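Take a look at the structure set out below.
Quick note: the coordinates plus some simple rules give every number you see, no bench work behind them. Here the structure is a predicted model, which is why all the values come from computation and not from measurement. In this analysis, Cβ positions are derived from the backbone assuming ideal geometry, glycine residues included, and neighbour counts consider all displayed protein chains.
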Amino acid sequence: MAITKEKKQEILKRLDDIKNDAEALVFVGFHGLTVGDSTAMRNKLREEGVGYFVAKKTLIGRAFDGAFEGDAPELEGEVAVAYSTDPVAPAQNVHAFQKQYKDQVAILGGVFEGAYKTREEMTEIASIPSLPVLRGMFVNVINAPIQGLVLGLNAIAEKKGA
């Protein structure tokens, strides 16, 4: 079905806003996804602070042409854009849905730190732990020497007490 020129202008405006406001973008390929699954995915993404916008590939290409460094990934099939101000949230959330809906949802590529990234690079970015997990890992690294010292002192105290 043909889209009117006014509707195309609205879509381009929305994609331009997304391009300017988002820290990271993920191009999502979806094929054969039911309306119910698509709605559930959109709701979950919204809860995580990730936007999701479906547009024609030609309009996506026109909106992002020359906006980022490198070569844009090849967009195949039906395409949507997942975006957020959190640099890793779109990739992590889409990757989780990619695991859930094996052949129906796929990461096609994306934009991270102002440069186009391939499917493989975006999948690697998706494997970065969330900020609370990274903080917990950091605290554990700092706590490990102190914990070792306490265990050693406890063993000496038990040995002298016995």
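Pulled fully out, how much extra length does the chain show between Glu78 and Arg46, if you take 0.36 nm times their separation in residues and subtract their Cα-Cα distance?
Additional length available on full extension: 9.5 nm.
Mean residue ellipticity at 222 nm from the helices of the chain, using -39,500 (n - 2.57) per DSSP H segment of n ≥ 4 over the full residue count, to the nearest 500 deg cm²/dmol?
Mean residue ellipticity at 222 nm (helix-derived): -18000 deg cm²/dmol.
Could you tell me how many cubic angstrom of Cα convex hull volume the chain has per residue?
So the per-residue Cα hull volume is 154 Å³.
Go through 82-93, 147-158 and give me the packing order, highest mean Cβ count within 10 Å leading.
Ranked by mean Cβ neighbours within 10 Å, highest first: 82-93, 147-158.
Once R0 is set to 45 Å, what does the formula 1/(1 + (r/R0)^6) return for the Cβ-Cβ distance between Ile3 and Leu151, expressed as a FRET efficiency to the nearest 0.05?
0.10
May I ask for the distance between the Cα centers of segment 19-59 and segment 113-159, given as a whole number of Å?
Comparing the Cα centres of segment 19-59 and segment 113-159, I get a distance of 31 Å.
If R₀ is 41 angstrom, what is the calculated FRET efficiency for the pair Asp65 and Asp103, using the beta carbon separation as r and rounding to 0.05?
Working from the Cβ atoms, E equals 0.85.
Please give the length that would be gained between Val35 and Arg14 if that part of the chain were fully extended, namely 0.36 nm times their separation in residues minus their C-alpha to C-alpha distance (nm, one decimal).
5.3 nm
Please determine, in degrees from 0 to 90 and to the nearest 10, the orientation of helix 131-161 with respect to the longest principal axis defined by the Cα atoms of the chain, where the helix direction is its Cα long axis.
Relative to the chain, helix 131-161 is tipped by roughly 10 degrees.
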